[in-house]
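The following block contains the structure, expressed as structure tokens.
The values are calculated or read from the model by the stated rules, or taken from the named source; none is laboratory data. Being a predicted model, the structure only gives us computed values, none of them experimental. Neighbour counts are summed over all protein chains in view; Cβ atoms, including those assigned to glycine, are modelled from backbone coordinates with ideal geometry. The accessibility values were calculated without ligands, DNA or RNA, using every heavy atom of the protein model including side chains. Shrake-Rupley method; radii C 1.70, N 1.55, O 1.52, S 1.80 Å.
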Amino acid sequence: MTARHKKKTKSHPAVPSAVSQESVEAKRHERWREIWISFWMSIAITFVLLGVKKLVEKTDFGARVQALSYDLLQLHLTAAENLPVIVLDISGIPMTPGLGAHPEAVTDREPLRKIVESLTGKVGGNAPKAIGLDVDFSPDSHGYAHPDDPALFDRFLILEESKNIPIRVGVNSSLALGPQKWLRDPKYNDLASCVVVPNPEKGRSAWYMPQSLVVSYQAASFGGIEEHCTSMGVALANAVVNPVPSWMGWFAETFRQIDTDDQLLKSEFLVDYSPLERLRDAAKEVYDPSADVPMNVNVGGKIVLLGRTRNTTDMFTVPGRPEQPYAGVFLHACAAYSLLKRPLYRLREPGRIALDILFSLAIFGPLLWWRLRLNKQGKEVVLGHRIPGLVSLLLALALVAGAILLVRVTHLMWDDFLLVALVLVVHTPIEESTVEFGKWLGETLRSWRHASAPDSQSPAEGE
């Protein structure tokens, strides 16, 4: 063989052997294994952080963050153009002495009768859909709150039947007397509706209104019986049309069932306060003490709520507006509006868990797919922590913007979306710290084992 032949032979590249191919596949399989380990570690850290979030929600800090989240959502709700509810101010009606063992001043009944007769006297499209009186007509164990109450209730029943306009009056303190005594005589029970506004939870304003209050009593022939006194807003909404039911099933709900020791409150719902300012601005004084007839107000096709908007102790703060309290009649009006036009939805616990997992998978699912794809192509998979951190930050920002902006469409009051966004942001730094700690711990253990192992190279004893 010539030198030329030898040189040519040496220049040929070596053909990859089967051993080399097996080495490449082994490395690829090892990278595939590392990718899945990293993915499941990310998921495990996510579940740990969600568990921490659950504990944080029970703290004062968590309650404040949830209140802030809810306020942001409430402030971005928009009211319908044509409100189906109107509030008429009766602050000008004088208070008169009541009856009972401890008489208190009550709203004069004669002006109320004239106002209701004037409203029900309207015909056709000018007539109201229903009328609610945010006045506590509760009798006590000694008798009616006012001597004119029986005649007034009888008149309301006649007007309701003849004009086909539902009329509801408020009860509060008499609920404890049992359903047969709500308005002293059982024949008036259909008029009664609850005007109780529940005390808000700690650190929160009035998020919820009761669907009804439950009263248990003993009947001679039937034993224990439960009666429901429907709240004013729900009663008026039901009188007009059946409220829109929850359409989200296991995911979210309109009415929240209460499982507490409180035997009165069993179910409640979130209230949309977006029409609050418009209701207050449109609340006209309907009583003129110098005139014999009430002022003429356009109430055609609307639910009418009569109540005091001034000079009353019945004042409450609402979400997103902590600087100014509002009269209770506006809360009842917003409650009726919520069920008629814009029912709000609250996440059930499975829904919260599903959203938490969904947003976590939205980060690690695409990263897993990308890493597996690169590995299949035989490329190095080196993403570090910058890309997952950037994706987490962008998704957290999208979550916050979406929860706030889309609430007008979804009406979903996701009150812990800020906490979920915080979990997404801190996930990558915590995972990076966990990995670094694992490496340090592994190296420390290996060093400790090497230092404590017997020296295999030391000479045998006796040599």
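Just need a number here: residues in the stretch 325-352 that are over 18 Å from PHE269 (Cα atoms) and either modelled with pLDDT under 85 or of a type in the set (Phe, Trp, Tyr) (or both).
The number of residues fulfilling the criteria is 1.
Quick check on my filter: what residues within the stretch 393-413 are β-branched (Val, Ile, Thr) and either within 12 Å of the chain's Cα centre (by Cα) or open to solvent by less than 60 Å² (accessible area, probe 1.4 Å) (or both)?
Of everything in the stretch 393-413, those that are β-branched (Val, Ile, Thr) and either within 12 Å of the chain's Cα centre (by Cα) or open to solvent by less than 60 Å² (accessible area, probe 1.4 Å) (or both) turn out to be VAL400, ILE404, VAL407, THR410.
Enumerate the strands (runs of 3 or more DSSP E) found wholly within the stretch 44-134, keeping only those where 1 or more residues are within 24 Å of GLY233 (Cα to Cα) and either in contact (Cβ under 8 Å) with a residue 24 or more places away in the chain or not hydrophobic (A, V, I, L, M, F, W, C) (or both).
Here the list reads 85-89, 105-107.
OK, next. Are any residues in the stretch 185-207 open to solvent by less than 20 Å² (accessible area, probe 1.4 Å) and at pLDDT 85 or above, and if so, which ones?
Selection gives TYR188, LEU191, ALA192, SER193, CYS194, VAL195, TRP207.
Something else about it: Keeping to the stretch 26-40, report how many residues are under 16 Å from SER360 (Cα atoms) and either open to solvent by less than 60 Å² (accessible area, probe 1.4 Å) or touching a helix residue (DSSP H, G or I) at 6+ places or on another chain (Cβ under 7 Å) (or both).
So the answer is 2.
Return yes when ASN238 is surrounded by fewer than 20 Cβ atoms within 10 Å (Cβ to Cβ), at pLDDT 85 or above and over 18 Å from ALA333 (Cα atoms) and no when it is not.
Judged against the criteria, ASN238 is not a match.
Taking the criterion of being among the acidic types (Asp, Glu) and out of contact with any helix residue (DSSP H, G or I) (no Cβ under 9 Å at 6 or more places or on another chain), would at least one residue in the stretch 96-109 satisfy it?
yes
Let me ask something additional. Determine if the stretch 244-254 includes at least one residue that is more than 22 Å from ASP136 (Cα to Cα), at pLDDT 75 or above and open to solvent by 50 Å² or more (accessible area, probe 1.4 Å).
Scanning the stretch 244-254, I find at least one residue that is more than 22 Å from ASP136 (Cα to Cα), at pLDDT 75 or above and open to solvent by 50 Å² or more (accessible area, probe 1.4 Å), so the answer is yes.
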